[in-house]
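The values are calculated or read from the model by the stated rules, or taken from the named source; none is laboratory data. These figures come from a predicted structure and were not determined experimentally. Methodologically, a virtual Cβ is constructed for each residue, glycine included, from the backbone with ideal geometry; neighbour enumeration extends over all protein chains shown. For the accessible areas, the whole protein counts, side chains as well, though only heavy atoms, and no ligand, DNA or RNA atoms are used. Shrake-Rupley method; radii C 1.70, N 1.55, O 1.52, S 1.80 Å.
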Amino acid sequence: MLYWRFFLGSVRIWLKGGKGYYSWLAFLGACILIGVLGYIEQLHGGLIRTHMRDPVSWGFYIGNFTFLVGVAAAAVVLVIPAYIYNWKPIKEIAIIGELLAVSAVVMCLLFVAADLGRPDRAWHLIPIIGHLNFPSSLLAWDVLVLNGYGALNFVIVTYMIYTAFVRKEYSKSFVTPLILISIPFAVSIHTVTAFVYNGLPARPFWNSAILAPRFLTSAFCSGPAIILVLLQLLKKLHAPRDQR
Amino acid sequence: MKEQALTIPTEKERRRNRALTRRRFLRSTVVAAAGGVLASCSPSVRESFFQQHLKELTEEDKKRTYARLAEEYGNRYGGKFTVGGEPAKEGVLFAYALDLSRCVGCRRCVYACVKENNQSRDPAIHWITVLQMEKEKGVDLSHADAYYNPKAVPEDGHFYMPVQCQQCRRPQCVEVCPVGATWQEPDGIVVVDYNWCIGCRYCMAACPYGARHFNWSRPEIPNEQINHDTHYLGNRPRYKGVVEKCTFCIQRVRKGKYPACVEICPVGARKFGNLLDPESEVRYVIENKRVFILKEEINTQPKFYYFYGV
Amino acid sequence: MGFGKIRVGRSVAAIVAVLAIALLALGASAGAGDDSSTETEFPVPPPPITEGYYPCSVCHAEMETNMERRELVDEHESIKLNHGPRSRWCFDCHTPENRDVLHLASGEVVTFEESYLLCGQCHGDKLRDWKVGVHGKRTGEWNGKKQYLLCANCHNPHSPHFAPIEPLPPPPRPRDIR
């Protein structure tokens, strides 16, 4: 079957590489292993291991979550010109931007999951099966837009890579509507994250009308910045010799 | 309820019923799927994992849940537990009044509360925080000290302000909870379902009074200090990773008793009663004394009144 | 609290109760009718009289009354009078003719159980608040039977100021929670 071949082909590409590539994978694997061991320790002992306490009950996890939401939202900056104006030169970059968005959203969700006191009850967040407190809770909005944005980008980028894999032209009528939907989603993931903070009368220092636009602008800086760094590295490592 | 069953259901009701059956179907499918994964677990673990939101449990389910919890607690702490679920009384809205001109800051209430409500001893969780403030500065939270520890209180030039859950009429913690694990009961008490809370701590960020506390690790209570008379929404022992808070001693006040902090206060600074009863202490205080509420400007509308009884 | 030693046994309480009823029966006080109603309204614990001291008349009936203002040396030496103006003296409240009861400024006799009436002569605002349960502590049920405390259960009538007490330990600082 074609999809199965696509999957296997992707895995094959993923496993192919030089010494440098494998050592990089090993390094990342080691990082993940340390993280997993730390998380097991936290599961066992409780969140007391994080040294967060009642007065400051949100820390590094939520800080990272906020940053990565910005990175994820930034993908849309590249996506808009690529697909709406059908501007070819930026298209490959847009795919990288979307891949980055998907991985950033996954990391966001993992950070939030790691911050939960009872990860075994995360299913309570699923509408119908659980009891999502929508629209009252802004965190419920965040759950919806983050998962929605992640799913949209995943579908778009998988479809794009799939068409490249089978060497076909992608169908614009399928991609463009999804991209159009993903634009408000990209804006909303970061504004909603800002509203999560400044919707709290209890925290006057967070009560700033400028917080949401500020988050957006900083997202539009940090996201492309990461993409630029990434592209420089890709250019150094993967481009044909004459183009380096 | 009985009367409702006799009448013909309206379109809205019918739609709701359909939604409910759809819900139930979806739920049972998912539960069946997940059940396979958890088949190897003990029945008690499985049951507590799949326990539904308290408001969606039938009376029968509730009874079974309470019995299961009582047994679990008995196994862990020893002794015979009662896990009650007394509902709110009609025509009752609980309110609290605290006399700032009387309080001497002795912290008797803090520890009476810890004992009554089975708060974790290690790490220590206190639902009541007593703040020491300077008389010259007035009620100024930025100059408050919760860690004062002199030989004797009250200290000259200082007054004391115990802060606990203010039982807001517009509770921010309830609004922000993403899973609806905390809500306001008809008698005005804001409660937490410790079996539904996912431990995201958004409510702690949203509470202007620092009244919510998190079980950062497994709560430890010596077996001989446990209070066996518990309420599902109140003082039953908590789990690691969930949020808890003052419930006006729901297990006591729903049976007509005063909260533990009121009974222990050596200077009688703490007043409690039904806001809807014109004869109650709190009504007298509001009508006759100088009263204020904490952080009035954020419009949480607490039912916890500070007053000067002088 | 320097006040703890003042306690009273059950037997003493019984005697007090019997005496109060006897007094009412005798119609010794003009406001007897009112008093019986207030008694049911404000259920109070027995007054904090040092054990073995009541009834006072056991000793005082035989003794001659010395109206002179002086320092007590033979008995009651623990009582340090520090209440209101210096001119205050025992017989402002205690009755010279019958030590088992107190009296109001009007001369009206009150029992130790009704001593709040005596206190209320000067501290009327406190008495008003006390009656509705706002001054002082009430225990029992918020919508049912309540237990009051007499003024003297908390304040030493001879020296009513509260003595400072030792606070219980402060909460741990966040950095100390491990």
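Listed values, structure above:
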item	result
Which numbered condition C:D176 misses (of (1) buried (at least 16 other Cβ atoms within 10 Å of the Cβ); (2) over 26 Å from C:F42 (Cα atoms))	(1)
From B:L233, B:L294, residue being touching a Gly at 6+ places or on another chain (Cβ under 8 Å) and aliphatic (A, V, I, L, M)	B:L233
Search result, residues across the range B:262-310 that are polar (S, T, N, Q) and open to solvent by 60 Å² or more (accessible area, probe 1.4 Å)	B:N288, B:N299, B:Q301
Leading residue by the ranking (farthest from the other protein chains (Cβ to nearest Cβ)) among those in the range B:262-310 that are of a type outside the set (D, E, K, R) and in a helix (DSSP H, G or I)	B:I286
Where a residue in the range A:89-116 is under 20 Å from B:I198 (Cβ atoms) and part of a helix (DSSP H, G or I) and its partner, wherever it lies, is modelled with pLDDT of 95 or more and open to solvent by 50 Å² or more (accessible area, probe 1.4 Å), with Cβ under 7 Å and at least six apart	A:A114/A:Y39
The lone exception for B:R252 - which of (1) modelled with pLDDT of 95 or more; (2) open to solvent by 20 Å² or more (accessible area, probe 1.4 Å); (3) farther than 30 Å from A:Q42 by Cβ; (4) more than 13 Å from the chain's Cα centre (by Cα) it fails	(4)
All positions within the range A:61-101 that are open to solvent by less than 10 Å² (accessible area, probe 1.4 Å), over 16 Å from the mean Cα position of the chain (by Cα) and of a type in the set (A, V, I, L, M)	A:A82
Per-region count, the range C:12-56, residues modelled with pLDDT of 70 or more and either farther than 18 Å from C:E114 by Cβ or aliphatic (A, V, I, L, M) (or both)	6
Where a residue in the range C:120-147 is of a type in the set (K, R) and its partner, wherever it lies, is outside any loop (DSSP other than H, G, I, E, B), with Cβ under 6 Å and at least six apart	C:R138/C:K146; C:K146/C:G140
Close pairs from the range A:130-142: first within 8 Å of chain B (Cβ to nearest Cβ), partner open to solvent by 60 Å² or more (accessible area, probe 1.4 Å) and among the aliphatic types (A, V, I, L, M), Cβ under 9 Å, at least 6 apart	A:L132/A:I126; A:L132/A:L144
Residue in the range A:207-225 that is among the polar types (S, T, N, Q), within 16 Å of A:A72 (Cβ to Cβ) and out of contact with any helix residue (DSSP H, G or I) (no Cβ under 7 Å at 6 or more places or on another chain) present	yes
Every pair of residues 6+ apart whose Cβ atoms lie under 6 Å, when the first sits in the range C:72-101 and is closer than 21 Å to C:E114 by Cα while the second is at pLDDT below 90	C:W89/C:R69; C:P96/C:T65; C:R99/C:C56; C:R99/C:S57; C:R99/C:H60; C:D100/C:P55; C:D100/C:C56; C:D100/C:S57
Residue satisfying all of: in the range A:215-239; surrounded by 14 or more Cβ atoms within 10 Å (Cβ to Cβ) and not aliphatic (A, V, I, L, M); farthest from B:R170 (Cα to Cα) among these	A:P224
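The rows are residues; the columns are (1) within 29 Å of C:R173 (Cβ to Cβ); (2) in contact with a Leu (Cβ under 8 Å, 6 or more places away or on another chain); (3) assigned to a loop (DSSP other than H, G, I, E, B).
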| site | (1), (2), (3) |
| --- | --- |
| A:L8 | no, no, no |
| A:G17 | no, yes, yes |
| A:F65 | yes, no, no |
| A:L68 | no, no, no |
| A:A73 | no, yes, no |
